[in-house]
Each structure stands twice: as C-alpha cells, then as structure tokens.
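Following: one structure in structure tokens, then a few remarks.
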Amino acid sequence: MLKFVTFAVKLQLNVHDLNNEAVAGNVMDIRMIEFLNEAGEKQEAPAVSGRMLKHWHYEAMRSLILNGVYNVSLCDGCKAGEPIRPAKISSNKLQQISEKESKIIESCGICDIHGYLIAKKQGKSEARDELGEGDNSSENEAPDNDGKDKSKKRNQTKSKADEQGISARRSSRAMFSWLMPVLGVASTVKQVIHSRVSQQRSEAEENASQMIFSKSYASGIYAFVSALDVERIGRVDLALEGNANKYQRDVVKSGQRINRIKAALEAYRLMLSGQIGASLSHALPHCTPTEVLVVCSEEGPLPFPVSPMYSDYIAKTAGLMPAAERSKIFLYSGNKKYPDGVEKKEKIDEIFEELANMVKSDGTGAGI
Ligand SMILES: [Zn+2]
C-alpha cells in the first residue's frame, strides 16, 4: 500500500495571471518574488504562492468528488467551497463546527487531507466566526481581486484568535512549495488593457459605461514540489486522541480511505494540465508539463525532492532518496537523460497508473 508520494514538476505556462493580487485602482499587478540563482545572485520574477497551489489542489479534489468520480464524504463547507470548514449549514447559514478530530475527518475527506484550524471562541468574541479557516487559508487568498483587503482583515482576526487560544487543528497531509521560475530561463510579464462595455446604455453614456482596467499576464517555465502523506490520511495521531498501541488510528473504513487517497492523487493530474488559476474562464494558461518526477514509497515517509528550479534536480533527487527497496522513482521528461534507479515513462498517465496500482486495501481501516 502506498504510504508517501512526492512530486517535482516542471511546467511551461504561457500567458497566465495565476497570482494577480496587487490591486491599485483599476490596475491589477502580478506577484513578484525575489530569490537567488545558482550563482547566488538576486533575481526577481513572477511566482505563485504555495497556498495558491494548495487551493487549486483542494478545488481539483472538490470537483472530482462533487462530480461523482470518487465517493468521498464532505462537510457542508467543503461542498460549498467555502473557507469556513469544517462546517455545517444551520438556519441557512454556514457555521464552523467544533468536534473531535476523529468525528470531523470521518465526515469530511477534504478536511481530512487538507487539514483545518478551529479557533476557540471565548466570551462575546466572534473571532472564530470571522476567522473560519483551516491551516491552509488558501481558499481565502487566491481567486479574488480584492484578496488583499480580505487577507489583511484575516490576519487581524487571526491574531485576535491566537490570543484566545486554538481549540483544534489538523495538519495538512498535502504540502506544496511555491511555483517558482526555473533558474536560467527568462520570464516575462506584460500588462494588457481590457474594457468591459455595458449593454444598458444610451449613446451619450457610452464613454462612461466603458470600464477600462489593466491586468498583467506572465509567461515562463516554472517548478513546484509537493508531497502527499498518504499514510496519515483517514487517521488520527494517537498522541492527540486515544491510547492504542499504534502511532495512528484509523477512523474511516478502508474503502472510503482508498477513495480519498485516489481523489487526492488524481487532483495532481488536473493541476498538471494548468487547472490552477482564478481566471480559467478567460485566461486559461497555455500549459505544457515538461518534466514530472514522482518518488513514492510503500514503506514510509520520504525526503522532499530537490526542486526542478535547479538544473541538476533529477540526479540530486535520485541521490537523496532511500534505496530502491524503500522507494520507486518515475520520470516523464521527453528526451532528458536520467540516472540509474529512475524509471522512465513515456506518458504522464503511466505514472498515475503506477500510483493507482499501489493504492489498495491493506486490511486496515476502521470497521472493515
Ligand atoms: Zn470539510
């Protein structure tokens, strides 16, 4: 049974606005980040936060589950795609619920995999209701143009909640780096002027009814790494709950646990196709995944892979991973050279097939 999997991905993205979040008037700019190249020199280029990537993995899982590809139970917050989670609808309002970790993850596959944070509500404070987010506050951060103000407000309420203590949290089983430009490859950013024209106008009002705004679009070759701690999906840490003689305790049935793992893996496939933006309706990125290096283990946790933003990441990742009995390395990479111990795949689908073959009932699970 699969226990841990890591992804190291290189994608070319042309004309994307994945992290358009700096808004000044009617100009929307793309997020730039400073970093060092392999010679240690400072660079600046467009980048996309790991919170954003995590958000799009969450969205991909939701889409697969809500469309019936995988039978996975969800809480009302995750069904609605709202950042308030775990949550239930009560009196037509989505409200965060505070229950034992085992109860929450039994009822929601996304809260199980993506984690959550429930802040303690004390006295007359409404901090928890306002905070309403998991440890991956990603859902709040990404898609909207007004994200900046929201995030400011969130930070204020968050510190308020921190003062009052945290009553429950679950760490995410899916981990993401930032999406960073590959070193030594140029990235470009270009600002474009859009106009929206209202149809409900008289000729005299024509000029006034045109809304002119600017947006930036970037192009480049990007890298990200991600890890999925499969072993801890559908399970609670015993340090926190129960005292059985095991590190983890199953709280969902084996079949449900397998469906959750499959949905989490399949969500990566959607991400590789460029389903990672808030502007998919009108600025779907021109995406081509150029290299996908996957390391997986049926034995236990693995180191994170070396990032594909570095030129020698394949050899270095292969050199970092434990011996073949403990890990398998698959690579999709066109004609790129690869070191011993790496299994070359002609299609990305073959990698997902290998992973799916490792996800099977291993006789564990609650009440099989
Ligand atoms: Zn949920």
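Readers should treat all values here as calculations from the given coordinates under stated rules, not as data from a laboratory. Not measured: the values here are computed from a predicted model. Note that we place each Cβ from the backbone using ideal geometry, even for glycine, and neighbour counts take in every protein chain shown.
For ILE212 and TYR338 in one chain, what is 0.36 nm times their gap in residues minus the Cα-Cα distance, to one decimal in nm?
Stretched fully, the ILE212-TYR338 segment lengthens by 40.4 nm.
Using the structure shown, list the pairs from LYS253/LYS360; LYS262/LYS345; LYS262/LYS360 with a Cα-Cα distance above 18 Å, or answer none.
LYS262/LYS345
Quick one: order TYR116, TYR268, TYR310, TYR70 by neighbouring beta-carbon count within 10 Å, fewest to most.
Result, fewest neighbours first: TYR310, TYR70, TYR268, TYR116.
Run through the DSSP bridge list for the range 287-365 and note the antiparallel percent, rounded to the nearest 5.
60 percent
Ranking THR317, THR288 by Cβ neighbours within 10 Å, fewest first, what do you get?
THR288, THR317
Which pairs, out of LYS10/LYS344; LYS10/LYS347; LYS10/LYS42, put more than 18 Å between their alpha-carbon atoms?
LYS10/LYS42
Calculated FRET efficiency, SER311 and LYS103, Cβ-Cβ r, R0 45 Å, to nearest 0.05?
Efficiency, rounded to the nearest 0.05: 0.40.
Taking other Cβ within 10 Å of each residue's Cβ, how do PHE304, PHE176 sort, fewest first?
Ordered from fewest to most neighbouring Cβ atoms within 10 Å, PHE304, PHE176 come out as PHE304, PHE176.
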